[in-house]
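Peer 1: Before I ask anything, let me first share the structure, which is written out below as structure tokens.
The values are calculated or read from the model by the stated rules, or taken from the named source; none is laboratory data. A quick note: this is a predicted structure, and the numbers were derived from the prediction, not measured. Cβ atoms come from the backbone with ideal geometry, glycine included; neighbour counts cover every protein chain shown.
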Amino acid sequence: MAGHDGDRKSNRESAQPWRGSGQLRTGRHYRTFGSVLVIFSLALWAHASGGDLVGTIPKNEQVPDLPFRLYQGYLVVVEGRIGNLDHQNLLLDTGTSPSMVDASIARKLGLHGKSDAIALFNQNVPAERVVLRDLQVGPLRPRDLEVMVADFSKLASGMGMHLSGVIGLDALGSRSFTIDYKKQRILFHASPQRHSAPFSAGPQFISVSFNTGNRKLHLLLDTGTPRLVIFKEALQDLDYEWSPATGLGKNLSGAVSYRNIVIPGATLGTANIGRQRASVVVDQKNLQSEYDGLIGISLLQPSQLSFDFERQVLGWSD
């Protein structure tokens, strides 16, 4: 039950950049929940304002697949163009909105906008809101996209490359797509999968219902997060046990500490995903959310992941 402190040995998990072992995300309005900032997502959680998801490609138009590189087993990085800068490394992250660009890229492009801040789980970090006139990611080419500018230097360590931007749902639009992790290709259509779960696609985010015991948790779906993250406020009346393992992750502000809990069993849509370890940020602040946490897609260990926006169905095969 909520509240059993297990053996208190300090089993410390190795720190990893991004969400990985400990990146939570949270961003402006929240938004960069996943990706770049948070404990597990790239977690930027820069919850910024922003509009509903809009498509940039006619739904009936066939478009070529987009190759990507997979980092740390879950981070999807594609090559794209930001303004007139070609061959830029861009992280695709369904847990980030608005999209973000690194401060070094903004300087090269001469971008200037309004001063702002990204609200992380543990603190606020300075940022700037600018309008990016042109962005291209494979067949996607959103125009006049409002993005956040922040310093990515504390996130990029360990990835072995320079990350120029984080591309969220505001740039991906509402066109269905499938991530094929085995072939490392993004297909711009939904595809039938073994398991499925309904999702809600609102402004900026995708959410799913995660059922455990007598609780239904409302979680953000985050491809930039490797694991399950539960916010402290959602622990009340939740059936769980504290784990002795702790961890240290990174977000835009630097290191973020977290503890782990174990949830005895859970279901997601048609799948019984069994016993799950979830992370809870130790020094959580600035979080006023209608959501109960983040669900990192990698915990499903999918070979393919399909986002069907027309039917609002998440599909995956293991």
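Peer 1: Being within 24 Å of Val76 (Cα to Cα) and not hydroxyl-bearing (Ser, Thr, Tyr) is the filter; apply it to the range 206-217 and report the residue that is modelled with the lowest pLDDT.
Peer 2: The residue in question is Ile206.
Peer 1: Still on this structure, please answer the following. Would you confirm whether any residue within the range 234-243 is within 20 Å of the chain's Cα centre (by Cα) and more than 30 Å from Ile82 (Cα to Cα)?
Peer 2: yes
Peer 1: Still on this structure, I have one more. Could you count how many residues in the range 61-78 are in a loop (DSSP other than H, G, I, E, B) and surrounded by 12 or more Cβ atoms within 10 Å (Cβ to Cβ)?
Peer 2: Total satisfying the criteria: 5.
Peer 1: Further question: In the range 185-200, which residue that is surrounded by fewer than 17 Cβ atoms within 10 Å (Cβ to Cβ) and in contact with a Phe, Trp or Tyr (Cβ under 8 Å, 6 or more places away or on another chain) is farthest from Leu219 (Cα to Cα)?
Peer 2: Arg185
Peer 1: When you scan the range 266-300, how many residues do you find that are assigned to a loop (DSSP other than H, G, I, E, B) and at pLDDT below 90?
Peer 2: 10
Peer 1: Any residue in the range 209-223 that's over 16 Å from Arg277 (Cβ atoms) and surrounded by 24 or more Cβ atoms within 10 Å (Cβ to Cβ): show its pairings with residues that are among the acidic types (Asp, Glu) and at pLDDT below 95 at Cβ separation under 6 Å, as long as the two are six or more apart or on different chains.
Peer 2: That search, which allows pairs on different chains as well, returns Thr223/Asp93.
Peer 1: Which condition breaks for Phe210 when tested against (1) touching a Lys or Arg at 6+ places or on another chain (Cβ under 8 Å); (2) more than 27 Å from Gly265 (Cβ to Cβ)?
Peer 2: (2)
Peer 1: If I go through the range 109-125 residue by residue, how many of them are over 27 Å from Gly296 (Cβ atoms) and touching a residue at least 24 places away in the same chain (Cβ under 8 Å)?
Peer 2: Number of matching residues: 3.
Peer 1: Among the strands (runs of 3 or more DSSP E) lying completely within the range 161-205, list those that include at least 3 residues that are at pLDDT 90 or above and not aliphatic (A, V, I, L, M).
Peer 2: 177-180, 195-201
Peer 1: Please specify each residue of the range 140-160 satisfying the condition of being at pLDDT 85 or above and of a type in the set (Gly, Ala, Ser).
Peer 2: Correct list: Ala150 only.
Peer 1: For the range 305-318, name all the residues that are under 24 Å from Arg275 (Cβ atoms) and not small (Gly, Ala, Ser).
Peer 2: Listed by number, the residues that qualify are Leu305, Leu314, Trp316, Asp318.
Peer 1: With Ile57, Ile82, Ile39, Ile118 as the choices, which residue is β-branched (Val, Ile, Thr), over 12 Å from Met148 (Cβ atoms), touching a Ser or Thr at 6+ places or on another chain (Cβ under 8 Å) and modelled with pLDDT under 90?
Peer 2: The match here is Ile39.
Peer 1: Any residue in the range 178-197 that is on the phi > 0 side of the Ramachandran plot sitting within a Cβ distance under 9 Å of a residue that is among the charged types (D, E, K, R) and at pLDDT below 95? List the pairs, counting only those 6 or more apart or interchain.
Peer 2: none
Peer 1: I need the full set of residues from the range 224-234 which are outside any strand (DSSP E or B) and surrounded by 18 or more Cβ atoms within 10 Å (Cβ to Cβ), in order please.
Peer 2: The answer is Gly224, Thr225, Pro226, Arg227, Phe231, Ala234.
Peer 1: Continuing with the same structure: Would you say Ile261 is hydrophobic (A, V, I, L, M, F, W, C), within 30 Å of Leu109 (Cα to Cα) and not in a helix (DSSP H, G or I)?
Peer 2: no
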